[in-house]
Structures are given as structure tokens and as C-alpha cells.
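Novice: Structure below; questions to follow.
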Amino acid sequence: MKLSLIIPIYNEEESVDILYNEIKEALKGLALDYEIIAVNDGSRDKSIDVLKRIAQSDIDFKVISFRRNYGQTAAISAGIDFSQGEIIIPLDADLQNDPADIKKLISKLNEGFDVVSGWRKNRQDTFDRRLPSQIANWLISRITGVNLHDYGCTLKAYRKEIIKGIRFYGEMHRFMPAYVVWQGGKVAEIEVNHRERKYGKAKYGLTRTFRVILDLMTVKFLMAYLTKPMHFFGRMGLILLLFGFLSGIGSLIAKFIYGISFILTPLPLLTVFLTIIGFQFILMGLLAEILIRIYYESGGKTAYNIKEKINL
């Protein structure tokens, strides 16, 4: 299997048939084996019925159905877990991503890149969706040091070997290009076609921007200290213990040199407080090290509960 297309779907019954036909048309000229993995993310409409009908007529069309809505990242993660392709390309089910761009992504990937990210240069969305996205893209670029115009574009091409060991959560699928660069990979960005939404309503609004920023802070921390949490918590603990020690020395000097009673100065209380918090930080570092070891040894997975699988 060469190519795996992953489509997270949530209440897109009107779009599924059209998208499927566009994908089949776009892949006609590609001389490679492929699979289409549609992940029903707990849709409440008739999306799953449409997916089952397509799966019955096309062995290359595979369906994963969640018991409830887990979000886009979990859907993409499930698709990656069950994919067999060497190249992974997720795309939205709302018809705004153009399947005709799949060839462009693969062609660019074959130039020696590990990830090719789509850039919706002429984005067909309302201003209230574009502005928060532009702000988020700027923040992500500044914090990660990986400058891309459009982190939010789902349409990206990945080499599976570079992302197969990654466990997704929150909005982490957006930060994959930055993660790949941090791991020494090569990332490219190309312009892709973006179309107006034909059916339904956008599933995400301004609140998603805040979640993205919070997840970005988490990812940045994990990338810096994931394998060495004690370097962060231990350092903070030692700094607090140092200040606690200095505070204790100050209280002793005040007592025995200047005759100031312990109860007349906050220094003894500050000493106790800083010492306790310092030791707690060190214990947190030890606990984090243990939890990370347990996580990797158990082969940790993204949390999602699958109801049924078709053609998998």
C-alpha cells in the first residue's frame, strides 16, 4: 500500500458522496495502490449510512466509526493507526479541500521532504474565521520557530515513518510540521485550492483558537522536556530550595544578630513554604519520569472508542 487518505467526518452526509467521487477522479492518474479511510466521528446525521453504502461497493474504502464525538485530532489519529500506506494525507470532508491537490502534495513529497503542508492562500472563509486563524498561525510560527503560513490546513502529506510513533491529543495534528522539524525532518509548504463550504455549518469557531494556543504551549513544553521532565521540575525545585535556604539564613541573622523575633518577621514562614514547594517540584519530576516510562512501555494510544470497522 502506497497511499492512505484519511477523512475525519462529523455530520457531513451531504458532502460524502461528492467528496468520494472527486477523490476517485483525482486518483485515476496515479499509478499507485491506495486506500481511503473515513472516520465517522460520532456523527448525529446519516453520515454513517452513506459511508456504509460506499464501503459495500468499494473494497478500498474503509470506515471507522466512533461511539461518540472525540474531535478531529482523535479521528485523524485513528486513521493513522489503521492505515497501511507509506504516505498519509488527511483532508476535510466539507469539500473545502480540493482532492485535485493530492497529486501536487505527493509530487512535492517525492522531492525529499517528510511533510508537505497545504497553504490556503485564497481562503474562502468569512473574516471572523480567517482573522483568528492568522493570529494563531503567527503565534505558532513564533513559538515553534517553524514558519508556515497555514498550520490549520488539514490537507497535508506525511511520510508515515516520520509520524507513526506519535500519539495525538487536543489540536496536536496542527503542529505536526513543527514536530517533524524538531525531529530533524524536512517540511515544505505549497499553495492548495480552497473552496467555499456548500453544505452545513463550520464545526469550529473562535473558541478553537484558544484551545490551539493552549495545546501549543503544552506541545512546546513536551518537546523540550518529554524525555527529561526532571530537568524542568528538578531545576524549579532546586531554585525554590535555594531561596528557602537564603530565607532561612536571613531569619537566623535577624534573630541572633539584630534581635528580631521569629514571630515578627515573615522569613521563617517563607522558608517553610519555599522548602515544601521545592520538594514537591522534585517529587513531581520523579513522578513524571515514572509515568512517561509506563506510557512508553505500555504503547500509549490516543483515547477513542471504536463502535465498528468496515473493510479494515
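Novice: With a cut-off of 8 Å between alpha carbons and a minimum separation of six or more residues, what is the relative contact order of the stretch 229-297 in percent?
Specialist: With pairs under 8 Å counted, the relative contact order is 51 percent.
Novice: Give the longest segment of the chain that steers clear of GluC sites (Glu not before Pro) in DSSP loops with at most 12 neighbouring Cβ atoms within 10 Å, not counting the sites themselves.
Specialist: My reading of the result: 197-312 is the longest stretch.
Novice: I've got another one for you. How tilted is helix 267-297 with respect to the longest principal axis of the chain? Cα atoms for both, answer in degrees (0 to 90, nearest 10).
Specialist: Long axis of 267-297 versus the principal axis of the chain: about 30 degrees.
Novice: Say R0 is 41 Å: what FRET efficiency, to the nearest 0.05, do Phe232 and Arg68 get from their beta-carbon distance?
Specialist: 0.75
Novice: Same structure again: Amide H neighbours of Glu189 under 5 Å, counting only residues 5+ apart in sequence or on other chains, H built in-plane at 1.01 Å?
Specialist: Long-range HN contacts for Glu189: Ser117.
Novice: Given the Cα-Cα distance of Ile276 and Lys309 and 0.36 nm per residue of separation, how much length would full extension add, in nm?
Specialist: 6.8 nm
Novice: Let me ask something else about it. Of [x] 18.7, 54; [y] 18.9, 64; [z] 25.0, 90, which is the value of Rg and Dmax of the Cα atoms in Å derived from the coordinates here?
Specialist: Identified label for the calculated read-out: [z].
Novice: Now for a different question. Please compute the length gained on full extension between Leu283 and Trp138, using 0.36 nm multiplied by the number of residues separating them and subtracting their Cα-Cα distance.
Specialist: My answer for the length gained is 48.6 nm.
Novice: Which one of Leu155, Leu109, Leu32 has the biggest mean-square fluctuation once the chain is modelled by GNM with Cα springs under 10 Å?
Specialist: Largest GNM mean-square fluctuation: Leu32.
Novice: Something else: Can you tell me the FRET efficiency between Lys46 and Ala224 if r is taken as the Cβ-Cβ distance and R0 is 45 Å, rounded to the nearest 0.05? Present the calculation step by step, with values, prior to reporting the outcome.
Specialist: Values: r = 45 Å, r/R0 = 1.00.
Result of the calculation: an efficiency of 0.50.
Novice: For Tyr258 and Arg53, what does the FRET efficiency come to when R0 = 51 Å and r is the distance between their Cβ atoms, rounded to the nearest 0.05?
Specialist: Working: r = 86 Å, r/R0 = 1.68.
Step by step, r from the Cβ atoms, then E = 0.05.
Novice: Sticking with this one: What list do you get for Thr265, Thr126 if you sort them by fewest beta carbons within 10 Å?
Specialist: Thr126, Thr265
Novice: Using each residue's phi in the stretch 124-132, evaluate 6.51 cos²θ - 1.76 cosθ + 1.60 at θ = phi - 60° and report the 3J(HN,Hα) Karplus result to the nearest Hz, with x for Gly and Pro.
Specialist: 9, 10, 6, 4, 5, 9, 6, 4, x
Novice: Return the sequence-ordered ³J(HN,Hα) values of the stretch 187-193 in whole Hz as given by the Karplus equation 6.51 cos²θ - 1.76 cosθ + 1.60 applied to θ = phi - 60°, using x for Gly and Pro.
Specialist: For the stretch 187-193, the Karplus-derived couplings read 10, 10, 10, 10, 6, 10, 6 Hz, x marking Gly and Pro.
Novice: On to the next question. For the chain, set up a Gaussian network in which alpha carbons nearer than 10 Å are linked by springs, and say which option among Leu267, Leu240, Leu30 fluctuates the most.
Specialist: In this elastic network of the chain, the residue with the biggest mean-square fluctuation among Leu267, Leu240, Leu30 is Leu267.
Novice: Moving on to the next point. For the chain, take the longest principal axis of its alpha carbons; what is the angle in degrees between that and the long axis of helix 206-225, to the nearest 10 within 0 to 90?
Specialist: For 206-225 against the chain, the angle is about 60 degrees.
Novice: Between Leu291 and Leu214, what is 0.36 nm times their sequence separation minus the Cα-Cα distance? Round to one decimal in nm.
Specialist: 25.5 nm
Novice: Relative to the first principal axis of the alpha-carbon coordinates of the chain, what is the inclination of helix 13-26, with its axis defined by its Cα atoms, in degrees from 0 to 90 and to the nearest 10?
Specialist: That works out to roughly 70 degrees.
Rule-based calculations on the coordinates, nothing more; no lab input. Model, not experiment: these values are computed from the prediction. In this analysis, Cβ positions are derived from the backbone assuming ideal geometry, glycine residues included, and neighbour counts consider all displayed protein chains.
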